[in-house]
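Structure first, then comments.
The values are calculated or read from the model by the stated rules, or taken from the named source; none is laboratory data. On a predicted model such as this, the values are computed, not experimentally measured, just so you know. When we count neighbours, we look across all protein chains shown, and the Cβ atoms used for this are built from the backbone with ideal geometry, even at glycine.
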Amino acid sequence: MSLNDLYILVTGSAIAISCGLLGSFLILRKMAMIGDAISHAVLPGIVLAFLISGSRDNIPMLIGAAGFGLLTTVLIELFHKKARLQEDASIGVTFTWLFALGVILISVFSGQVDLDQDCVLYGEIAYVPLDLLIGPDGSIWGPRPMWIGIGLLLMVVIFIIIGYRGLLVSTFNPAYAVSIGISASVWHYLLMGMVSFTTVVSFESVGAILVVALMIAPPATAYLWTGRLRRMLLLTAIFGVLSTIFGYYLAVWINGSVAGGMATASGVFFGIAYVRYRILSNRAIYSNGKHNEHAISHPEMDKA
Amino acid sequence: MDTLFEFFSFNDPNVLIVTLGTFFLGAISATTGCFAFLRKRSLVGDAVAHAILPGIALAFMIGQEKNPIILIIGALISGWIALLSIDHISKNSKIKSDTAIGLVLSVFFGFGILLLTRIQHSGAGNQAGLDKFLFGKAASMSVQDVQTFAIVGLITLIILSSFYKEFKLISFNPDYASSVGLPVRTLEFFLSSLTVLAITTGIQSVGVVLMAALLITPAAAARSWTHRLGSMILLSALFGAFAGLTGTYISYTAPRMPTGPWVVMALSFFALFSLVFAPKRGVLSRIRQQRKNREKIITENILKAMYQIGERHGAQGDVVTEEVLQEKRSFLKREFSLGVRLLRKRLWIIESPEGWKLTTSGVTEASRVVRLHRLWEMYLNQKMNLQADHIHPNAETIEHIITPEIERELIRELDRPERDPHDREIPYTS
């Protein structure tokens, strides 16, 4: 394994863990598709930030994308609550509309925007080692995307540690959360904000749709494995890293996109967990109907 | 205007092809989308649209050329596998359907990208033009494509019309459908297959994400206008077709504009317009209805309070001050002045220096409200056997809703009672 491979693996793992940790809360809140919607809908935000700031600077892109991410959740909720459109349709209408807007903006300003559609889709994690961060004294500090990925991971971990109780209670029992003074909607928007933020930061490396794979597949795998939130978060991180490593070598082996490989690997891990889960729950049904930990709903529910 | 004539004269055969193509496509996907919408499976269409990518890539790798038939077969197969996986995962494990949809969508798509990049790296991708499946190229539609759309449209139409009743039933009430012996799972599979077919044929022209919009958005727009399935399908097909036309026209006048995204923009505009302005279900008309209800409730409450004060004094039509009214029933300041304004406009009360008094028509109206309240209390007490001290709150709401027909019915049921359960007189005007 060369140093370049290591850089790519570290970057990929950091992004996979960040996405997976946030994704765990998304899937427990039955909001997986909102994560998907956000990852599409940040496109116009990125293009606009590009046009206004005229550069590929990270800060304006983050602001633009986070703004559109929040706009997406607000619009979905407006359509759902005010216009009484059923939720799946309001998600579908919102993100396709914003995505179309993004594609139109790209074609209108194709001269000014150096954003190609391929990059939006697949990302280019394979080029991570080329983009070096150079210190003030001229020394090389390693690839820039790697440090961004690590920074992102730190932020997400700190967010979850600080907000653990709020996230936990507002996820499993919003009514109880309100009664003990934890605002469910504040945590909802904080989580959505973090999801948008993470999507944008991961965008360049893994692309729009594959962010979704990393947000959903590892937590879903972990969820099949355990019924406890802490263990689920830990397992999510492990599956995220495993998906990165296997995905990278799979991509190298068949000479394809690394992000695609990572998504495929995460799907394979889910498949394994799913088969195991089915075998266990079938066995539980046949063994005198003994209580099976994998069949019950979330035990954290009782704790909260 | 010139461009409009130029466009619709169809002198340019390419314009005709693209227009016809998007027109058919819009109509086909909107029709199948209606059923997906009603079965709350709109996003499954999105997932299937993503999930056909690996099928297409594998078909290309096996066939080694861009044979449309092989590609479509590959797409259908992987679309079906995706559909079945979503169903299996969400039915047989604790994973919820949203997670199952997102999982299948992203993993299949990721696998597709992996294969696609491999094809591209091997140098065969560009001539194959497989990129079209991601963003679509409506402008490069061929006569053959339009023929395919027409055939698929015909197939969809034939299947839908022969199984219309069955599909309707499984969309609205699958439990009932299975209890009358319909093969629900088979029919559902059939219906979903139509969606997969529509997606597979359309995806080359508009791309993955926008295909999802063609399925979901017209149905969402049409739903606002009607509650009949037949008219909903017709309307959403019209929306789809008209959006196709609009998108083509825009990219015709401004050649740098991509057709697909503009079709989606047009659709989204229709949907937004419908959600806001549709009669009955639209946001505006609901707001109007709510305001009307609020006005009705506050005016009737003020009338009732004035009437009861009059009862206490033994005579109706005396001047009542705001203080006395507020003591009888604490009104919110803003609502109160709104109610008074409305009552004066309808000439049910007149203002005097100290307060207000009921007019003759005001007394009639007030006695109607009081009568309804007391009749309902009577009904709850006599027929529903509720205690006299439990019935007031319920009557407070129902009194605003009871129609003259129900009022007659109540009087008949109760034999025109003279006094209510609290031993107060029930006022009759005739």
Taking the range A:274-284 and keeping residues among the small types (Gly, Ala, Ser) and more than 9 Å from every other protein chain (Cβ to nearest Cβ) leaves A:ALA284
When you scan the range B:352-374, do you find a residue that is under 22 Å from B:ILE297 (Cβ atoms) and loosely packed, with under 13 Cβ neighbours inside 10 Å, even just one?
yes
Across the range A:254-273, what is the total count of residues that are at the interface with chain B (Cβ under 10 Å from one of its Cβ atoms) and either out of contact with any helix residue (DSSP H, G or I) (no Cβ under 6 Å at 6 or more places or on another chain) or not in a helix (DSSP H, G or I) (or both)?
5
What number goes with the only condition from (1) over 15 Å from the mean Cα position of the chain (by Cα); (2) in contact (Cβ under 8 Å) with a residue 60 or more places away in the chain that B:LEU229 does not pass?
(1)
Contacts under 7 angstrom Cβ, first residue in the range B:400-412 being within 15 Å of B:TYR379 (Cβ to Cβ), partner of a type outside the set (A, V, I, L, M, F, W, C), 6 or more apart
B:LEU410/B:TYR379
Subset of the range B:273-286 that is surrounded by fewer than 17 Cβ atoms within 10 Å (Cβ to Cβ) and at the interface with chain A (Cβ under 9 Å from one of its Cβ atoms) - its residue that is nearest to B:THR397 (Cα to Cα)
B:ARG286
Pick from the range B:305-336, criterion part of a loop (DSSP other than H, G, I, E, B) and surrounded by 18 or more Cβ atoms within 10 Å (Cβ to Cβ), ranking: modelled with the highest pLDDT
B:PHE331
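Here is a yes/no grid of residues against (1) over 22 Å from the mean Cα position of the chain (by Cα); (2) over 27 Å from B:ALA271 (Cα atoms); (3) at pLDDT 80 or above; (4) facing chain B (nearest Cβ under 8 Å):
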{"residue": "A:GLY54", "(1), (2), (3), (4)": "yes, yes, no, no"}
{"residue": "A:MET61", "(1), (2), (3), (4)": "no, yes, no, no"}
{"residue": "A:ALA89", "(1), (2), (3), (4)": "no, no, yes, yes"}
{"residue": "A:ASP116", "(1), (2), (3), (4)": "no, yes, no, no"}
Any chance the range B:404-414 includes a residue that's buried (at least 16 other Cβ atoms within 10 Å of the Cβ), over 15 Å from B:SER367 (Cα atoms) and in contact with a His (Cβ under 9 Å, 6 or more places away or on another chain)?
no
With respect to B:PHE273, determine if the residue is in contact with a Pro (Cβ under 7 Å, 6 or more places away or on another chain) and modelled with pLDDT of 90 or more.
no
Condition met for B:ARG329 (charged (D, E, K, R), farther than 14 Å from B:ASN301 by Cβ and under 42 Å from the mean Cα position of the chain (by Cα)):
no
Considering B:LYS345, B:LYS357, which residue is among the basic types (Lys, Arg) and free of Cβ contacts under 8 Å to residues at least 24 places away in the same chain?
B:LYS345
Scanning the range A:161-190 for residues that are more than 23 Å from A:VAL74 (Cα to Cα) and either surrounded by 19 or more Cβ atoms within 10 Å (Cβ to Cβ) or touching a helix residue (DSSP H, G or I) at 6+ places or on another chain (Cβ under 8 Å) (or both) gives A:TYR176, A:ILE180
Answer yes or no: is there a residue in the range B:154-174 that is surrounded by fewer than 17 Cβ atoms within 10 Å (Cβ to Cβ), within 14 Å of chain A (Cβ to nearest Cβ) and at pLDDT 85 or above.
yes
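Residues checked against (1) of a type outside the set (Val, Ile, Thr); (2) within 14 Å of another protein chain (Cβ to nearest Cβ); (3) out of contact with any Asp or Glu (no Cβ under 9 Å at 6 or more places or on another chain); (4) surrounded by 24 or more Cβ atoms within 10 Å (Cβ to Cβ):
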| position | (1), (2), (3), (4) |
| --- | --- |
| A:GLY35 | yes, yes, yes, yes |
| A:ALA41 | yes, yes, yes, yes |
| A:VAL47 | no, yes, yes, yes |
| A:PHE50 | yes, no, no, no |
| A:ALA65 | yes, no, yes, yes |
| A:LEU70 | yes, no, yes, no |
| A:LEU75 | yes, yes, yes, no |
| A:VAL103 | no, yes, yes, yes |
| A:VAL108 | no, yes, yes, no |
Is it true that some residue in the range A:5-20 is part of a helix (DSSP H, G or I), without any contact (Cβ under 8 Å) to a residue 60 or more places away in the chain, more than 10 Å from chain B (Cβ to nearest Cβ) and within 18 Å of A:SER205 (Cβ to Cβ)?
yes
If you take just the helices (runs of 4 or more DSSP H) that sit entirely in the range B:1-109, which of them hold at least 1 residues that are under 33 Å from the mean Cα position of the chain (by Cα), within 30 Å of B:SER231 (Cα to Cα) and within 14 Å of chain A (Cβ to nearest Cβ)?
B:13-38, B:42-63, B:68-92
Here are some residues: A:VAL211, A:VAL201. Which one is outside any loop (DSSP other than H, G, I, E, B) and away from every other protein chain (no Cβ under 12 Å)?
A:VAL201
